[in-house]
C-alpha cells in the first residue's frame, strides 16, 4: 500500500486516494478499489482482488469430478446452476454420454430461472446503489417465488446443486410445471412495474445515460461478455453460438444494443428477463418423458487430454478448462469467470467520471466478487 | 370566529408569574418554561417522525416495518433511543476533538432556533418577529455549518466528500428556498409569520396567488427537501457512495443528534410550507359556503396546522422512497440552470400580479 502510494506520487495537485472497499456498501462484496480522485472526479482506479480468494482451482485438483461441481457453485453464486452445468457438460462430452432430452429440457428451464433470479437481484441492487432503496424489496419479493420453486425441486435455494454428471440429482417435483407457469403469469405483470419504478425515471436515466461508455472494440479487447458486452454490440451469447442443452430447440433473440453505456446495460438485462421467460414458455409444456439420470460408473475418470466447455452464465461467458491425465482427479483446472474480465474494463469505463458514476457503472456491470477471486 | 386565541393563555401565565416575581426573574422563568416545552415537543416530534418514516417506508416497500416492540411496534423508536443512549461514543484518533464534539450540537441548535418562530396556533409561538421569514432562513442555514464541521473534523475522506457536497448543495438551494418564500412575501406584504397567516383568512396563498404561488410552492418543496439533505438529494450521506457521508464516524447519542436534527429540519420546512402556502393554522374557507366554513371552524387550529404539516412531510417521504439519488453536478445544474431562473421569473410574475390586482 505504502509503495503504491509512493510510486503513484501525487504528481498532479489536488489528487488524493480513497480505498473503496474491501468493506463498502456498493462493491457488493470484498472488492477493493484504490481510487485516485480529483475532487469528485475519478482519475483512475486499480482493483485489488484476493480478499475472498479460496484457491478453488487448486482445490479442484484434489477432488473427483462429481465433487468439483459443487465447488463451481461458490464462484458466481447467483448463477450456481449454470456453473454446475458447465462441468457436467464437460464430463458428459468427454465421456461421450448422451443425456436424455428430459434432462436437457429441465436443465435449460432451471438455467433460465436462475438467470431471471440473478437479474432480479441485480435490478434490486442497482436501484439501491443509485439511492432508490424501494427497488431492493420489489426485486427480492419476486425473486422469492423462483427460490421457492428451486427449493421444492432441487432442495437448495441459492446453491441448488441439482446437476450431476449424467443428468440430475432427482426428478422434478410434481408441482414444478404448475409453479413455473404461475410464476410466469405473475412476473409478466410485475416486470412492467420495474420499468415504471426505475427505467422511466428522469433522475435514473440522467444517472445512467452516457455513463461508463464502452465501445464494441474495447468490449472485445477486455473480454467483456454477457449482457454487459452485448450492450456494447459484442455478440457473445454462447446459447446462440454453441447451443448446449435444449437451447438449440428454442427460438429466442440475442439482446444486442449499440450504445454501450450504463443505461444500455440496464436495458439489456431487463430485456433478457423477457427473453428468458420466452424460453421457459416454449419448454415448460414440452418436457419429454424419459430418465432424469444416465447410469454412469461410480468413479468417473476422464480420458487423457484437454477439455474446454463454455456456457452462458448470468454475467457472461463461463468457461471450464480441464486437463486430465486419466486419473479420477483432474490434473489442472482453470475457470474462465466472466466477472474477472468485466472488472478489468472498470478502470477504462470510469475514468474522468464522478465517484457517483463509478457506483452506477459497477452496478451496471453486476459484479459478483467471489467469481473474480475464485 | 371560533378560533381560540392562545395569547389569552400565555398572557394569563405571564400575569400570574409577574405578580410574584420581579420582571427579570419573570423573563428568566418564562424562557425556561418555553425551553422545556420546546424540548418536550422536540423529542415527541422526533419520536413520532422516526416511527412514521419507518412505517411509511415499510408500506412503500411491501413490508410491515417495526412490529415487535409494543403494539404495531409503537415502542420501537423509544427502544432505539435507549439503545443509542447506551452505545459507546467512539473517539477517532487524529480527529479534531472540539469540532467533532461540537458539530452535532450546532445542527441541533440551528433547528431549535428555527422551531421557535413557527406559529402553531393563534398566539401560540415563542418568537414573532416582524422579519420572521428572514430569521427562519438565517438560522436554518446555520445547520450546514455543523455538517461541514462534522465532515472536516472526522479525519475521514468519505466524510469530507460528504461535507463538501453538503456545503455546495445547501448554499445553492438556500437561494431557491429564499426566493420562493419571497414570492409569497411579495403577495402578503409582510414578513411576520402571524400576519402572513392572518392574511390567509380569506383563502390560502396557494389559491390566492394562483399560478405564481403554485410554482413557488413546488420549488419550495423541491429545494427544501434538498436543504434538509433528504433523498433524492441526500448526497451528503449518500449511503451507497460514501457509506454514511458526514456522520460516518459518529456513534451513539451524537449520531442520534444528527438523526434527530434531520427529522426536525424536515418538520420545520414542512411547517413553514404549511404556514406560508397552506394557511398555517387557518381553517379551509371557501367564499360563499358559509355553513361549510362554520364546520371547518370547529376543527381546532392546532389540528389544522399539524395535519397540513403531516401531509407535506408525507409528500417528502414519498419522494424520498421513490426516487434515485441525483449526482452532484446534476444537483447543481438543477438549481442554477432551472430552479433559480424559474424562481426569478416567478417573483417578477408575482410582483406583476400584485401590482395589477390579478390575485384573488
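The condition of being on the phi < 0 side of the Ramachandran plot and part of a helix (DSSP H, G or I) holds for only one of A:275, A:258, that being A:275. Screening segment B:301-360 for residues that are within 14 Å of chain A (Cβ to nearest Cβ), part of a helix (DSSP H, G or I) and in contact with a strand residue (DSSP E or B) (Cβ under 9 Å, 6 or more places away or on another chain) and picking the one that is farthest from residue B:165 (Cα to Cα) gives B:329. Residue count for segment A:76-130, restricted to those that are in contact with a strand residue (DSSP E or B) (Cβ under 8 Å, 6 or more places away or on another chain) and closer than 30 Å to residue A:355 by Cβ: 2.
Please go through segment A:244-260 and pick out each residue that is under 27 Å from residue A:356 (Cα atoms) and surrounded by fewer than 22 Cβ atoms within 10 Å (Cβ to Cβ). Selection gives A:256, A:257, A:258, A:259. Scanning segment A:23-63 for residues that are farther than 20 Å from residue A:371 by Cα, without any contact (Cβ under 8 Å) to a residue 60 or more places away in the chain and touching a strand residue (DSSP E or B) at 6+ places or on another chain (Cβ under 7 Å) returns A:36, A:38.
Somewhere in segment B:138-145, is a residue closer than 30 Å to residue A:17 by Cβ and in a helix (DSSP H, G or I)? Yes, that holds for at least one residue.
Taking segment B:59-78 as the range and being in contact with a helix residue (DSSP H, G or I) (Cβ under 9 Å, 6 or more places away or on another chain) and part of a helix (DSSP H, G or I) as the test, the residues that pass are B:60, B:72, B:73, B:76, B:77, B:78. Can you confirm whether residue B:47 is surrounded by 17 or more Cβ atoms within 10 Å (Cβ to Cβ) and either within 25 Å of the chain's Cα centre (by Cα) or closer than 18 Å to residue B:317 by Cβ (or both)? Yes: the conditions hold for residue B:47.
Pairing residues of segment B:34-55 that are part of a helix (DSSP H, G or I) with residues that are modelled with pLDDT of 90 or more and surrounded by fewer than 13 Cβ atoms within 10 Å (Cβ to Cβ), at Cβ distances under 8 Å and at least 6 apart in sequence or on separate chains, gives no pairs at all.
Looking only at segment A:57-71, count every residue that is surrounded by fewer than 19 Cβ atoms within 10 Å (Cβ to Cβ) and in contact with a helix residue (DSSP H, G or I) (Cβ under 8 Å, 6 or more places away or on another chain) and tell me the total. Within segment A:57-71, residues that are surrounded by fewer than 19 Cβ atoms within 10 Å (Cβ to Cβ) and in contact with a helix residue (DSSP H, G or I) (Cβ under 8 Å, 6 or more places away or on another chain) number 3. Exactly one residue out of B:216, B:226, B:238 is touching a helix residue (DSSP H, G or I) at 6+ places or on another chain (Cβ under 8 Å), at pLDDT 85 or above and within 14 Å of another protein chain (Cβ to nearest Cβ): that is B:226. Being within 14 Å of chain B (Cβ to nearest Cβ), surrounded by 20 or more Cβ atoms within 10 Å (Cβ to Cβ), within 16 Å of residue A:29 (Cα to Cα) and more than 14 Å from the chain's Cα centre (by Cα) is the requirement here; does residue A:360 meet it? Judged against the criteria, residue A:360 is a match. Has segment A:100-111 got any residue that is in the same structural domain as residue A:263 (by TED's automatic domain parsing) and under 21 Å from residue A:363 (Cβ atoms)? Taking every residue of segment A:100-111 in turn, none turns out to be in the same structural domain as residue A:263 (by TED's automatic domain parsing) and under 21 Å from residue A:363 (Cβ atoms).
The values are calculated or read from the model by the stated rules, or taken from the named source; none is laboratory data. It should be emphasised that the depicted structure is a prediction, and the values quoted were computed from it without experimental measurement. Here the Cβ is made from the backbone with ideal geometry for all residues, glycine too, and neighbour counts use every protein chain on show.
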